[in-house]
Amino acid sequence: MRFGGGTPRSGPLTLGQGNMLRCIADNEPAHINMHVVWDVPAGTPLEVVTGVLAELHTRHESLRTTFPTDGPEPVQLVHAGGELTVEVHRAEGEPALFAEELGLRRRAVAFDPAGEWPVRAAVVTAEGRPTHLVLALSHAAVDATALGILRREWLALLAGRTLPEPAPVRPVDLAVIERSEEGRRRTAASLRYWSGQLRTIPQAMFAHPRLPVPVADAPPAGWTPRLRIRSRTAAAALDVLTERTGVTRSTLVLTALCALAAHRAGQRQAVVTTLSANRFLPELSTYVGTVAQDALLSVTADAEGFEALARKVRRRTQLAYPNSWFDSGDLWTAMDAAAEERGARFARDCVFNDLSPLGLDGGVLRGAADPRDPAQQIQLTWLPHEPLNVELMLWVYRLDGELDLSLWADPALLPAADAEAFGRGLAALLIEAARGDVKLDELADITGLAPAARGPRWVVSDSSWIDLDQVAAAVATAAGTLSLPRPAALATTAEPDAALGHRLVCRVGMPGPRAGGPSGPETEGDGTGAGAGGGGGTGGGGERVEEEAAAVAARLHAACTGALPGRPAVMAPHWYVIHEGVPEDPGDPAAWAALPVLYAGNGRAPRYGC
């Protein structure tokens, strides 16, 4: 298929392109690429199908853009035209199912952003006639909203309608807007918002014991089970609630997710990463490209009733969504800084994605059986696993006329029965709330979902649930990766703290006399963390040993911080005490207290307090 008529252009990457190119480099292709299957109206000739596809490429620069990497900085290179191979496949079996399986296979092959078009196309035929167009797409070219725009244009062109001019802002133009003074102010504000949130929110929503998954129920590595939730009754309830509260349907569903996630996780605060379309500027409403990024929502879930929580969620989304405009590289730098300072790593384990404006289906495969039981007030259907590794993610497909959701849940987090209780509970909560305001302490009765169980070694520290056994094991593992001078004992404990709930203290025993002489029993400094040695030694050798002890704490903290990813129930210690000598019993606080202190401080860089 040949396409042309465009204008060649080039420019720096947009924020969305840069973000997606990083994701493409770091993720499995099946996880980050996209695919769609579009019906071809009966009787449409193959040349019409390819002709419409060629016109879409001519209209939208993102579909004919590559990303060369041979210069000092990556750029987007828009081509005037070119050729795209369109494969033709004769359906084996049911055409729609064959098309879906073909899309999954083609999606699972990595794109070469520098040298390959961001679209792979195939046409499925039955009895010699096209039935479906299958597209695999690079996420660097389009996001879900852009796919919805392309689908509408595909249908309009097949119907012979004339389309208006495409959006005036193309990716090259957007890059200029983002680098303007106003654009830089927006990105700086977003980073400030995220940096502030990362220092206060629970580091993980679902920090609780993982459950063993039977082999028969375990999805393939990197895949997640999906549960479809449908309810016309819940959709009618949304109408009632929207009229009564003034809160949008989407925000009401998000509120239900916040309430149930906090209930299940035993958290006072709900933290949800909600995907923002980032089309706040009017000129981006029909933009075809990738601009969607994460918005970080946090809300205390201690409101007395559902309606009060819904109003709180609405206020918090008004902060979160405008602050989803950032350079992902800068955001990772901010996350690293927050992790070093706080000793906690944001887990992004609860995600919300509302696709209802796009008119998509509920995630069922084309051609698959899709029974609808009108007798059921809430209908649950298990769908095939999806190649994406997530803890919990709620997709919204339809809100008007029927509630149509898809819940993706890690079975170690929510086994099948609990996932069904969670999914049914989302709809049931909305139905009950429409009848009258629901008290949040009634969620267990409404949903049948019990809070996660935690043992006595679980405590709250700095708003986050942590497992002291996992913390101690992570600290010991981190210490084992370092060539620490003369370490011989480790102990990590949680001490009650008015501000943090519990302060994590790591003690390291280093045998052998100090050159500067003993310092006497433990003295843990003034709390500044700035070389708070135990005192005593005045000679140069003593100062060297204290400096060495401070370096031990800094290196140990860095190693602990580096070990945080993938450990949602672990935080790095807030305080490090390096002792001279080794206690006979490392589990005896009195034995540690009798030892001289070489260093007591937070182990962070001087700009950080704790």
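The values are calculated or read from the model by the stated rules, or taken from the named source; none is laboratory data. If you're wondering where the values come from, they're calculated on a predicted model, not measured in any experiment. Quick reminder, even Gly has a Cβ in these numbers, built from the backbone with ideal geometry, and neighbours come from all protein chains shown. Just the protein is used for accessible areas: all its heavy atoms, side chains included, with ligands, DNA and RNA removed. Shrake-Rupley method; radii C 1.70, N 1.55, O 1.52, S 1.80 Å.
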Consider LEU133 against the criteria (1) open to solvent by 10 Å² or more (accessible area, probe 1.4 Å); (2) in contact with a strand residue (DSSP E or B) (Cβ under 6 Å, 6 or more places away or on another chain); (3) in contact (Cβ under 8 Å) with a residue 40 or more places away in the chain: it satisfies all of them except one. Which criterion is unmet? (1)
Find the residue count for segment 588-598, including only residues that are open to solvent by 10 Å² or more (accessible area, probe 1.4 Å) and in contact with a strand residue (DSSP E or B) (Cβ under 7 Å, 6 or more places away or on another chain). 2
Scan segment 36-52 and give yes if some residue there is within 18 Å of PRO171 (Cα to Cα) and charged (D, E, K, R), otherwise no. no
Looking at segment 215-226, which of its residues are closer than 24 Å to ALA453 by Cβ and either surrounded by 10 or more Cβ atoms within 10 Å (Cβ to Cβ) or within 22 Å of the chain's Cα centre (by Cα) (or both)? ASP217, ALA218, PRO219, THR224, PRO225
Applying the selection to segment 82-109, what residues are surrounded by fewer than 16 Cβ atoms within 10 Å (Cβ to Cβ), part of a loop (DSSP other than H, G, I, E, B) and among the small types (Gly, Ala, Ser)? GLY93, ALA108
Quick one: is LEU21 in a helix (DSSP H, G or I), open to solvent by 30 Å² or more (accessible area, probe 1.4 Å), out of contact with any strand residue (DSSP E or B) (no Cβ under 6 Å at 6 or more places or on another chain) and farther than 27 Å from ALA292 by Cβ? no
Considering only strands (runs of 3 or more DSSP E) wholly within segment 428-504, the ones with at least 1 residues that are in contact with a Cys (Cβ under 9 Å, 6 or more places away or on another chain), open to solvent by 30 Å² or more (accessible area, probe 1.4 Å) and over 26 Å from LEU309 (Cα atoms) are 489-497
Qualifying position, being aliphatic (A, V, I, L, M), part of a helix (DSSP H, G or I) and surrounded by fewer than 18 Cβ atoms within 10 Å (Cβ to Cβ), among LEU319, LEU331: LEU319
Residue that is nearest to ALA175 (Cα to Cα) [pool: residues in segment 62-81 that are modelled with pLDDT of 95 or more and open to solvent by 30 Å² or more (accessible area, probe 1.4 Å)]: VAL75
Flagged pairs (Cβ under 7 angstrom, 6 or more apart or on separate chains; first in segment 152-174, farther than 26 Å from GLN17 by Cα; second assigned to a helix (DSSP H, G or I) and β-branched (Val, Ile, Thr)) are LEU157/VAL52; LEU158/VAL52
Are there any pairs, at least 6 apart or on different chains, whose C-beta atoms fall under 8 Å, with the first in segment 2-29 and closer than 20 Å to HIS79 by Cβ and the second in a helix (DSSP H, G or I) and open to solvent by 30 Å² or more (accessible area, probe 1.4 Å), and if so, which? PHE3/GLU55; PHE3/THR58; GLY4/THR58; GLY5/THR58; GLY6/THR58; GLY11/VAL176; LEU13/LEU21
Is there any pair linking a residue in segment 497-512 that is farther than 24 Å from ALA549 by Cα to one that is in a strand (DSSP E or B), with Cβ under 6 Å and at least six apart or on different chains, and which? ASP497/ARG503; LEU500/SER461; GLY501/VAL460; GLY501/SER461; HIS502/VAL459; HIS502/SER461; HIS502/ALA494
For segment 35-55 the number of residues that are open to solvent by less than 30 Å² (accessible area, probe 1.4 Å) and within 18 Å of SER138 (Cβ to Cβ) is 4
